[in-house]
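Have a look at the structure below, then the notes.
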Amino acid sequence: MHRSHRALNRVVLCCIALLLAGMNSFAQESRGSITGKVIDPLNAVVPAAKVTVTNVGTNVSNTVTANSTGYWEVNFLIPGEYSVTAESAGFKTLKRTGITLNTGDRLAVDLKLEIGESSVAINVTADAPLLNTTTAATGRVLNTQDMAQLPYTNMNPFALQAMAAGMIFTGSLQPDNNRALDHAATANYDSGGLGVGTNEFLLDGNPVTGTNGGRAGYVPSSEAVDEVRIETSPFDASMGHAIGSYISATTKSGSNELHGAGFWQFQQFRWNATPHYTRLAYESGLANGTVAPGTPEQASGRVSTPGFGVGGPVYIPKVLNGKNRFFFYVSYSHLTSLAPPVATPIYSVPTAAERNGDFSALLVGTTNPSQYIVYDPRSGVLVSSHVTRTPFPGNIIPASMLTNPITKFYNQLYPLPNNPAGLVQPDGTQNFYDGSQGNNDWFPDFVNRYDPPRVLVPVAKSVVPSLTM
């Protein structure tokens, strides 16, 4: 029985290792690094010093040895608070705390040791350097507190790119254009005059930039995001793909303590102040009788976004205790937006004849009938390096080609035309008016993150060698 448990543990850990290796193999690096030199009171280097970098929240440590020039570095660190300890024979142990590592940071932290017994410890509490001298990139990092307190309302963390210098918003200021599901509006930022659609969006190092005009392919809820880093030119050499800015979001991670939060963001449109000209038009309508008494001054609608987030150590009874090793964070939210139409609700639907394959009406009364000819896809032949096809006689698709069940399925979804007077075009488009069709959206969002055991993540075991000329 004990052997079977051990075998099961090995299988589970191997599966986790393969899964996480696959997840990380396609990502750009969004984690940070801490580097520095170990020196003595006379600023001479201290080679072979033992340096330990510890994440305060997870208690996960990485230990490296300084090289012959006293240089050391620890890579692949998730954002958070860290402490750094340096030990060497003949010197007092130095522990530096209060080091905050942000998304993509590369901090230089030099460690000056004092002569004495290593059993004597010196604790130094200080933040990381305010000036990052390891990269020429400029920009800004916004943390969880910023996202909770800044008035951007729609829980779209990428909207915070407006806080960086040189980022100019060029889109609509309407609230329903800047939600997490509005991928195009999220990209409506001009970075330093380089134009809209030139920026790159990253989530935990993975590109999430869409192909259609540089849109954000996916936008997580701000509740799931720990930090947003906006990096403008000049870029670090590790960046590519775009000439604008890099907007990189890092999701929250678990720690040794189980922690979570719940939220509900709600907006009722009738609680909003009525825009000035909307109010004037309403009052004018009451006066001339075009607006009935008792009609609401503005249309109703609401946006509701409940959700939660929870993280902590991964625990599988009798298999895995993730404390100090393996952590998770999951977040879920669901946006429901019910709003009146923002424009005249005119649509185009197939006519009864078109449902049966009869498109002959498109050849009569239209300004350019040739663009409505329906060709038989089976009749393609190569003529002078061009493929030509034969039109269906009378522009009618044979009934034998309409037997696919998907045809019946889609015909059930479309309503029949109601042909609103004065709106139907010569080709039959704009043939359906639906004044009850609201501008409604439903957007569920689920984020999950897993930070694996240290043994499964490559860390800095060696140091950069010195160069001898």
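Read-outs throughout are calculated quantities, based only on the coordinates presented, and are distinct from any laboratory measurement. The structure presented is a predicted model; accordingly, all values stated were derived computationally and were not measured. When we count neighbours, we look across all protein chains shown, and the Cβ atoms used for this are built from the backbone with ideal geometry, even at glycine.
Summary table below
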{"item": "Exposure proxy order (Cβ contacts within 10 Å, fewest to most) of F409, F327, F308", "result": "F409, F308, F327"}
{"item": "Fewest-first ranking of I99, I168, I122, using other Cβ atoms within 10 Å as the exposure measure", "result": "I168, I122, I99"}
{"item": "Extension gain (nm, one decimal) between S436 and D110, 0.36 nm per residue minus Cα-Cα", "result": "110.7 nm"}
{"item": "Calculated FRET efficiency for the pair Q268/N288, C-beta based, R₀ 35 Å, to 0.05", "result": "0.75"}
{"item": "Local net charge near F392, Cβ-Cβ under 12 Å (Lys/Arg +1, Asp/Glu -1)", "result": "0"}
{"item": "Amide hydrogen neighbours beyond the local backbone of V208, cut-off 5 Å, H modeled", "result": "F201, L202, L203"}
{"item": "Above-threshold pairs, the threshold being 27 Å between Cα atoms, out of K95/K318; K92/K323; K37/K92", "result": "K95/K318; K92/K323"}
{"item": "FRET E, pair E257, I373, Förster distance 51 Å, beta-carbon r, rounded to 0.05", "result": "0.15"}
{"item": "Karplus-derived HN-Hα couplings along segment 288-303 (A = 6.51, B = -1.76, C = 1.60, θ = phi - 60°), whole Hz, x at Gly and Pro", "result": "9, x, 7, 10, 6, x, x, 5, x, 5, 9, 5, 7, x, 7, 10"}
{"item": "Extension gain, F443 back to L194 (0.36 nm per residue minus Cα-Cα distance, nm)", "result": "86.5 nm"}
{"item": "Backbone N under 18 Å from the Y347 label point (7 Å along Cα→Cβ), restricted to segment 400-431", "result": "407-421, 423-425, 428-431"}
{"item": "Modelled FRET efficiency - R0 51 Å, N321 with L150, Cβ distances, 0.05 increments", "result": "0.85"}
